[in-house]
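Reviewing the structure listed below.
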Amino acid sequence: MSTINYSEKIPNNVNLSEDRTLQRALEHWQPNYLNWWNDMGPDHSQGHDVYLRTAVNTTPEGWAQFGHVKMPDYRWGIFLAQQEEGRKVNFGENKGMDAWQDVPGEHRANLRRIIVTQGDTEPASVEQQRHLGLTAPSQYDLRNLFQINVEEGRHLWAMVYLLQKHFGRDGREEAEALLQRNSGDADKPRILEAFNEETPDWLAFYMFTYFTDRDGKFQLNALAESGFDPLSRTCRFMLTEEAHHMFVGESGISRTIARTCEIMKQYGIEDPAQVRAKGVIDLPTIQRYLNFHFSVTIDLFGADQSSNAALFYSAGLKGRYEESKRTDDHVLKNDHYKILEVSNGKLVEREVPMLNSLNEVLRDDYIRDSVAGIGRWNRVIEKAGFAFRLSAPHKAFNRHIGSFSGIKVSPDGQLLSEADWEANVRNWLPSEEDRAYVASLMGRVIEPGKMANWIAPPPIGINRQPVDFDYVRFN
Ligand SMILES: [Fe+2]
Ligand SMILES: [Fe+2]
């Protein structure tokens, strides 16, 4: 048995060295985690020195310490946000009670399920992104990919900490199972469908980090409201890291659009075939990728009507986005919400009890947030003088979960026959050819400061370093 000093090896603010049971659990789990990282983490990256930020504590200076490090040696830490004195359960039927520091027996199964479902997404995204390092458009981007990968690994640690600390033997078994399921695996897939999709190219990666990491933001915010205090504190700290992931997505798409517009302007072209001939990604293809990632991601919020969502809320386990800032009664028994459904061949609004609609409430909050960034992308196109505009597809478009899963709807919200859908789907979702074209542009660029032809350089580097800094040292 190894004699690693875990409290040094694993930066933490949970008094790891004083909890023998937890230490033993981690001693079993950590080598398995590292095996998983080596097998399923970033391809051909073990020897690189990468300019990464590491959290060594939760203070403003401590959570972002930068330096070159080999990823298998990354110090995946365990951090909870500061405990709030006298924190209460802030919503549901237990509202006003002291927040739970231990798992309440009657909610044990539901809490475990919530934590496992969140935990499962973290390593899944690392698996989905594992080949992207081989086609990074620049060293700067390669470093950002690896930063996201190690932090998703840390988020797995965060959830595994909760399981091992608070759920006994069940928790240890769940922690092992989190390393055994794999994204896209036919026998042991990841729990949620969007996390079994491939992330085959960098356009998909930026869309994923913009849209799907944003789902993470909303789920974590809802869990940060939890009456189970350790979950709340864990999620609050994870959110500080999540912001960078979404930044990578938003700025990556923005730079892709900027480069496309630059070429369109330079040659006076707008036709997608001509744009492609210049080796950049035409705007309609970017729209189709957007449609795909948007629709797959909003499925992650679950069915629009859900008794589980009502149960999780009423029990005080999972709140709404910014629950504590809302001014209603935080019990919601007498409240209603308008959902959209199909009736007589039309999409119509219907008022339903709010408690059963909390998935939809969170989805609608998410949609508002993601649309804002699309507006910022459009300003890049507008400034370049082109009329094309990107937009979010209708929320019933390409859905596979909830009441829209059985119907076909166009991006502008028209109900379609199967035949109409088939005739047009190539215009709305990435086709094989689109994906092949984007794949054809992907080639590794590793000289410091150089960019692949299809993407513009970032305006500034990471941690105030220059854009041509050696973010990754290849060994
Ligand atoms: Fe995460
Ligand atoms: Fe993330």
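Confirm whether Glu241 is of a type in the set (D, E, K, R), within 16 Å of ligand 2 (Cβ to nearest atom), within 15 Å of Tyr206 (Cα to Cα) and part of a helix (DSSP H, G or I).
It is false that Glu241 is of a type in the set (D, E, K, R), within 16 Å of ligand 2 (Cβ to nearest atom), within 15 Å of Tyr206 (Cα to Cα) and part of a helix (DSSP H, G or I).
For the condition of a type outside the set (Val, Ile, Thr), touching a residue at least 12 places away in the same chain (Cβ under 8 Å) and either crowded, with 22+ Cβ neighbours inside 10 Å or at positive phi (or both), what is the one hit in Leu162, Leu239?
Leu162
How many residues are in contact with a Phe, Trp or Tyr (Cβ under 7 Å, 6 or more places away or on another chain) and away from ligand 1 (no atom under 14 Å from the Cβ) when one looks only at segment 233-264?
Residues flagged as in contact with a Phe, Trp or Tyr (Cβ under 7 Å, 6 or more places away or on another chain) and away from ligand 1 (no atom under 14 Å from the Cβ) within segment 233-264 amount to 9.
Can we say Ala158 is out of contact with any Pro (no Cβ under 9 Å at 6 or more places or on another chain) and away from ligand 1 (no atom under 12 Å from the Cβ)?
When the stated conditions are applied, Ala158 does not pass them.
Inspect all residues belonging to segment 169-176 and state whether any of them is part of a loop (DSSP other than H, G, I, E, B), more than 16 Å from ligand 2 (Cβ to nearest atom) and at pLDDT 95 or above.
No, because not a single residue in segment 169-176 is part of a loop (DSSP other than H, G, I, E, B), more than 16 Å from ligand 2 (Cβ to nearest atom) and at pLDDT 95 or above.
When you scan segment 72-90, do you find a residue that is within 21 Å of Asn144 (Cβ to Cβ) and within 20 Å of the chain's Cα centre (by Cα), even just one?
yes
Is there any pair with a first residue in segment 329-350 that is farther than 27 Å from Gly319 by Cα and a second that is of a type outside the set (Val, Ile, Thr) and surrounded by 12 or more Cβ atoms within 10 Å (Cβ to Cβ) whose Cβ atoms are under 6 Å apart and which are 6 or more apart or on different chains, and what are they?
Leu347/Leu340
State which residue is surrounded by the most Cβ atoms within 10 Å (Cβ to Cβ) when the search covers only segment 89-113 and only residues that are in contact with a strand residue (DSSP E or B) (Cβ under 9 Å, 6 or more places away or on another chain) and not in a loop (DSSP other than H, G, I, E, B).
Per the criteria, the residue is Leu111.
Would you confirm, using the coordinates I've provided, whether Arg236 is among the basic types (Lys, Arg), part of a loop (DSSP other than H, G, I, E, B), within 16 Å of ligand 2 (Cβ to nearest atom) and under 17 Å from the mean Cα position of the chain (by Cα)?
No: the conditions fail for Arg236.
Return the only residue of Val280, Val248 being on the phi < 0 side of the Ramachandran plot and not in a helix (DSSP H, G or I).
Val280
Does at least one position in segment 130-146 carry a residue that is in contact with a strand residue (DSSP E or B) (Cβ under 8 Å, 6 or more places away or on another chain), part of a helix (DSSP H, G or I) and within 16 Å of ligand 2 (Cβ to nearest atom)?
Yes, segment 130-146 contains a residue that is in contact with a strand residue (DSSP E or B) (Cβ under 8 Å, 6 or more places away or on another chain), part of a helix (DSSP H, G or I) and within 16 Å of ligand 2 (Cβ to nearest atom).
Does Trp76 qualify as being hydrophobic (A, V, I, L, M, F, W, C), in a loop (DSSP other than H, G, I, E, B) and crowded, with 20+ Cβ neighbours inside 10 Å?
In short, yes.
Please pick out the residue among Glu122, Glu176 that is among the charged types (D, E, K, R) and touching an Asp or Glu at 6+ places or on another chain (Cβ under 7 Å).
Among Glu122, Glu176, only Glu122 is among the charged types (D, E, K, R) and touching an Asp or Glu at 6+ places or on another chain (Cβ under 7 Å).
In segment 177-202, what count of residues is obtained for those that are farther than 26 Å from Ile367 by Cα and outside any loop (DSSP other than H, G, I, E, B)?
The total comes to 4.
Residue-wise test of (1) under 30 Å from Thr21 (Cα atoms); (2) buried (at least 24 other Cβ atoms within 10 Å of the Cβ).
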residue: Thr117; (1), (2): yes, no
residue: Ala175; (1), (2): yes, yes
residue: Asp185; (1), (2): no, no
residue: Glu198; (1), (2): no, no
residue: Leu203; (1), (2): no, yes
residue: Thr212; (1), (2): no, yes
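I'd like to know if segment 203-222 contains one or more residues that are within 12 Å of ligand 1 (Cβ to nearest atom), among the acidic types (Asp, Glu), within 18 Å of Ala124 (Cβ to Cβ) and in a helix (DSSP H, G or I).
Within segment 203-222, one or more residues are within 12 Å of ligand 1 (Cβ to nearest atom), among the acidic types (Asp, Glu), within 18 Å of Ala124 (Cβ to Cβ) and in a helix (DSSP H, G or I).
Considering Asp412, Asp434, Asp420, Asp364, which residue is acidic (Asp, Glu) and more than 22 Å from Val342 (Cβ to Cβ)?
After ruling out the rest, the residue left standing is Asp434.
Determine whether Leu156 is surrounded by 20 or more Cβ atoms within 10 Å (Cβ to Cβ), at negative phi and in a helix (DSSP H, G or I).
yes
Working carefully through the options Gly67, Gly47, Gly41, find the one that is modelled with pLDDT of 95 or more and surrounded by fewer than 18 Cβ atoms within 10 Å (Cβ to Cβ).
Gly67
The values are calculated or read from the model by the stated rules, or taken from the named source; none is laboratory data. Given the structure is predicted, the values throughout are model-derived calculations rather than measurements. Cβ: placed from backbone, ideal geometry, glycine included. Neighbour counts: every protein chain shown.
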